[in-house]
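Here the structure is laid out as structure tokens; the discussion comes afterwards.
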Amino acid sequence: MSQATKARPAQSRRPFPRLPALRQDADLLELFFAQSLDGFFFMMLDEPVRWDDTVNKEEVLDYVFAHQRMTKVNEAMLAQYGAAEAQFLGLTPNDFYAHDLPYGRRIWRAFFDAGHLHLETDERRLDGTPIWIEGDYLCFYDQDGRITGHFGIQRDITARKRAEEALRQANRRLKTLQEIDHAILAAHSPQEIAAAAMRHMHDLIPCVRASVAVFDQSAGEATLIAIRTTAPTQMGVGTRLPLAAFGDIAALAAGRPRVVRDVNEVAPDPGGLGVRHEGVRSYLNVPLLAQGELIGVLNVGVDQPHALQAEHVEIAQEVATNLAVALSQARLLEHIARHAAELEARVAERTAELSALNASLQQEIENRKRAEVMLRKNEERYRILYHQTPIMLHSLDKHARLVSVNQHWLNVMGYTREEVLGRPVAEFQTEQSARFAIDYHFREQFLQTGKAENLELQFLKKDGGLIEVLLSAEGTFDEQGELIFTQSFLVDITARKQAERALHERLAIEKMIGDISTHFINLDEAEIEAGIDYALRRLGEFEGVDRSYLFLLFEEGRRARNTHEWCAPGVSPQIHHLQNLAFDQLPWVARRILSRETLFVPRVASLPVAAEAEKLHWQEQGIQSLLNVPLVLGGKVMGFLGFDSVRTEKAWAEEDVRRLSIVSEIIANSLHRRAAAAALRASEARVMRIFESAMDAIITIDSRMQVVMCNEAAEKVFRCQSAEMKGQRLEGFLSEGFLALLHNYMQAPASARPQKYLWAPAGLTALRQDGEAFPVEATISRVEGGQQDLFTIILRDINERKQAEEALAQLQNQNLYLREEQQRREYNFGDIIGGSPAMRQVYQSIEMVAATGTTVMLLGETGTGKELIARAIHQRSSRKEQFMVTVNCGALPAGLVESELFGHEKGAFTGATAQKKGRFELAHKSTLFLDEIGELPLETQVKLLRVLQEQTFERVGGTQTLQVNVRVIAATNRDLQEEVQRGAFRADLFYRLNIFPIPIPPLRERRDDIPLLADYFLQQFARRLSKRIAGLSPAAAERLSRYDWPGNVRELANIIERAVILCQGRVLQEEHLGLAGPARAGGENFATLEEAERRHILQALEKSGGVLAGPKGAAQLLGINRSTLWSRMRKLGINTSRSE
């Protein structure tokens, strides 16, 4: 992992924020983290890792999955995984994806490639329970671009996923049941009906065997009439089995299905179903009941033990109910057909007998007597058959009056024979059925064919009940073709029609919910308001209520607003009264809604005393019954869906409430989508306002250099309207050099581009629409734009800046202080002032060593600011919360050095009247700065070496060994190596202290910083002495720059303080400095070319009074352009603010 975690050279960092601000932000973040309903967590790496083309990403993933650990998690996250914090903290990706590591690595790879991730995934709770999670994740990077960890927001969507799957399964189940019903209705014989149902059983229940057997109770056996199996079977259609093979017949007759969870755990049934050899390990027997009679069994077998669930039993029972009705009707029809055939055979036999009597009169008489006897017997048989057949029969005369009904007809209708005979049959039919019977076209067709088949009519029983029948009729006509008699057969299909209507109702409800769901899916956010009105209208009309409405909660659930309402015709709306409902004043209902309970009030007038406020509120609106369903999103209640019955009381079934809950979830998701879209639009609008208000020209181009968009500033710079620029290629607006730079940047691979943007070098120009060239400063950056990369150019017209500089030059006295303050911010490093190359090297060393805890040696002359460097290191370390302890070793008497550093016990020496803690104890968990370390006595150096190596020591006069955690920063103005060679300093201590030496340059080696330091001290002392001094004269600045400063920065501060005291004007002059003697030590009197140029520019500035431009300006005197002069002044370190 060394390659992946290796850090790049540290860049300069911004000053650290103040401690109170950090604590305040941390407190706010912790409060949000703890109270959020979504799961929040941090997973941090033991060591940062690099993720780019320079590393082996599989090895990096190996490391990450073992060393990225859960470091912080909120209560919502713990609840999602069913874990305590102690169980959760420290978990790694290996723990979370133990059930599917390859999938986890794919997710992590995509996450690290993008830096962020949104996904829905199935995971496992700590107890192994699967859950569905929707999450957003964001990588953390350090300043070197390495991944240090990531932050995640998760919500549990398991309930939503289960609801979606349940809805899909319900739709598939309803569709299959409908197909079975259609197949059953299309079949005629019991065998065809059963076979049609078995063809679809596997679609409802994943079974390996399904069969139907019909019972013959009198024979004590059953016959298989349909079977469907995936394995070879010895039992085909027609196989006879004893009834005992199906288990407890009494239980089946009582409607209780038999479930065998594992065939190996029960004894074989008598007679045996023989399912073991067909691969069946678990099976189910569901009774087929028709009008309370057990007529057969539906058998379903699966190949896994304990695989049949309650849902499978319920499905099989639904199929068995429809199947039993169809089989019963088919058997009745077969029974009628058999009886009719028998009757026809007997009539034919009688006719043959009568014709044989024609042979002789005597034989005829005898035969007639025999025939009369036989006829009476046949009539008796027919009468018995007519009255005892389990089917309704009636006969009508030519006026459609009842002349005969069988006993089953009377039993079903609840009448006596005397009450019905002679009455028109229409009196026993519903109005609609009666109208159909006398319909002109029906009568004409019946008179022509003499038959009517399979007519569905409705009859009214004596008790007012409704019975639905399937009627077939045949008419008898005289020789003239007049109808004289009609015989009708009526089969009771009430149960079948009720099942069909229930099925159609379920399909209609599911279709309505599907329509509403599809409607919302196809809406954009602007149409969601109308979509909610559409849903409320559909629901209100379907449920038959007077009002349906939507309330949204605000102010943390204390108030509610009626945002949408539908009212039935004639019902007055209430929405205008309910725009700011004090929901907390209705505590009975508020507590239930906020607890995500569905509230059903069947009768408002009967509410308990605890709901008195709600009772009055609802009665004012005329409400008699109501139903409120909460809108829940992400576990939070955002409002509720309501339904009122005003004109009558209403009850809702549990199934209605379940379906309405699905609709409430659809509406909640749509409202969330609308809110998210509004937030996105607001964000885009803010970005566009920033884009349009930017003062610099901003142009976005595609990979073909065609302009995609530009702001108003670009229109002004290029003098071309945005509409004209869009779609044009950018070549016409750039010089050749600029075009080449842009082309190279766009063609370079992503790894070769700068991380954020590319600064265009000086000297580039662009072209306005009219061809005018103008100098520019620009940056180029790459933007990910979906399917193609986009490139953004931020461009500034330098001509405008030059004109601004000319104007600012006239305001020297107004902005002098501000410019000097800005320069100090540019070149300062905390309390250290200077931007010279030598000081930048020092700053770089500070950044590298500050956070390590390593001992540091500061080497430099007196007055170079070694203590400031030490404080800068301390402030950038992890010990910055503690005060740095300072010891000047050169200022301590030799006899007291050891006591000062390590402390002493009471009575350790003369004058030690009390125990005293040393500087090492005071610096525990902080930093100890040992200034002038070279002045330490040799005997103290030995004890100091031990402390540095072992972090232990004893106080003077003490025996207890003390353990400390102290970082040591030493400083000296001596050459300690020379001191080691002459025996004045221990070599082992020198090597222990010299782990990371930082040479601090003297002031004469960082002359570029002298103007900054002088200006800083000038402002400090002027403020302290309440003087208004604008700055140094050019001569005074030149004198300071030429002086060698043997006392370094300390001497410069003293010189400036004295000069401020002496200065009585607004500009500090050379004579105020009091620097006598040669400018350079050692006889260096010959100036370099740079020094001569600097001196010459200062003289020109002094002569022009600090003015750069114009006929009397310094640029004119020097014969160069003003911008060239300004550039040279910045390079030579001449304070440009004096020339404004």
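Throughout, read-outs are computed from the coordinates displayed, never taken from laboratory work. Source: prediction; values computed, not measured. Reconstructed Cβ throughout: ideal geometry from the backbone, glycine too, with neighbour counts over all protein chains shown.
Relative to the longest principal axis of the chain, what angle (0 to 90°, nearest 10) does the C-alpha long axis of helix 190-204 take? With rounding to tens, the tilt is 10 degrees. Sequentially through region 841-858, phi angles give Karplus couplings (6.51, -1.76, 1.60; θ = phi - 60°) of 5, 5, 4, 4, 5, 4, 4, 5, 9, 4, 7, 8, x, 6, 5, 10, 10, 9 Hz, Gly and Pro residues having no value and appearing as x.
For residue 906, the lysines whose Cα falls under 23 Å of its own Cα, not counting residues fewer than eight places away in the same chain, are 916, 917, 943. To the nearest 10 degrees, how steeply does helix 736-747 sit against the main Cα axis of the chain, on a 0 to 90 scale? Taking Cα atoms only, the helix is inclined about 50 degrees. Across region 457-473, computed HN-Hα scalar couplings (Karplus, 6.51 cos²θ - 1.76 cosθ + 1.60, θ = phi - 60°) run 10, 10, 10, 9, 7, 4, 7, x, x, 9, 10, 9, 10, 10, 9, 10, 9 Hz from first to last residue, x flagging Gly and Pro.
For the residue pairs 175/636; 866/925; 511/636; 461/650; 175/451; 866/1103, the C-alpha atoms sit more than 31 angstrom apart in 175/636; 175/451; 866/1103. Between 450, 55, 436, the Cα set farthest toward the positive side of the dipole of the chain (charges on each charged residue's Cβ, about the Cα centre) is that of 55. Normalised by the number of residues in region 42-112, the average gap of Cα pairs under 8 Å and 6 or more apart makes the relative contact order 32 percent. For region 214-230, 3J(HN,Hα) computed residue by residue from phi via the Karplus equation (6.51, -1.76, 1.60; θ = phi - 60°) reads 9, 9, 10, 4, 5, 8, x, 9, 10, 10, 6, 10, 7, 8, 9, 9, 8 Hz, glycine and proline entered as x.
Could you state the number of Å between the C-alpha centres of region 636-702 and region 1032-1049? Each part's Cα centre sits 69 Å from the other's.
Dipole of the chain computed with +1 at Lys/Arg Cβ and -1 at Asp/Glu Cβ about the Cα centre; of 108, 994, 298, farthest Cα towards the positive end is 994.
Using a cut-off of 13 Å between beta-carbons, work out the net charge of the residues near residue 121 (Lys and Arg +1, Asp and Glu -1, residue 121 not included). So the surrounding residues net to -3.
Compare the peptides 445-454, 203-212, 256-265, 920-929 by average per-residue count of other Cβ atoms within 10 angstrom and give them in order, highest first.
Working: 445-454: 12.6, 203-212: 22.2, 256-265: 15.8, 920-929: 20.2.
Most protected by this proxy first, the peptides run 203-212, 920-929, 256-265, 445-454.
Built from the Cα atoms of region 551-623, the convex hull projects on average onto 5.2 nm², one quarter of its surface area. Ordering 638, 198, 70 from the fewest to the most neighbouring beta carbons within 10 Å gives 638, 70, 198. Angle of helix 494-521 to the longest C-alpha principal axis of the chain, folded into 0 to 90 degrees and rounded to 10: 20°. Estimated translational diffusion coefficient (Stokes-Einstein, Kirkwood radius over Cα pairs, 10 °C, 1.306 mPa s) of the chain: 38 µm² per second. For the chain, the relative contact order works out to 5 percent when only alpha carbon pairs closer than 8 Å and six or more residues apart are counted.
Cβ crowding within 10 Å ranks 774, 40, 246 as 774, 40, 246, fewest other Cβ atoms first.
Hey, could you get me the Stokes-Einstein D for region 523-680, Kirkwood radius over alpha-carbon pairs, 37 °C and 0.692 mPa s, rounded to whole µm² s⁻¹? Before the final figure, lay out the partial values.
Values: Rh = 15.8 Å.
Rounded to a whole number, D works out at 207 µm²/s.
Only helices enter this figure: runs of n ≥ 4 DSSP H residues, each worth -39500 (n - 2.57), summed and divided by the residues of the chain, yield -13500 deg cm²/dmol at 222 nm to the nearest 500.
Summing Cβ point charges (Lys, Arg +1; Asp, Glu -1) relative to the Cα centre of the chain gives a dipole of roughly 3560 debye.
Between the C-alpha center of region 546-582 and that of region 56-112 there is a gap of 46 Å. Summing charges over all other residues whose Cβ lies under 11 Å from the Cβ of residue 551, with Lys and Arg as +1 and Asp and Glu as -1, gives +1.
As a test, work out the antiparallel percent of DSSP beta bridges whose residues both lie in the chain, rounded to the nearest 5. Working shown, then result.
On the way: 147 of 166 bridges.
Here the share of antiparallel DSSP bridges comes out near 90 percent.
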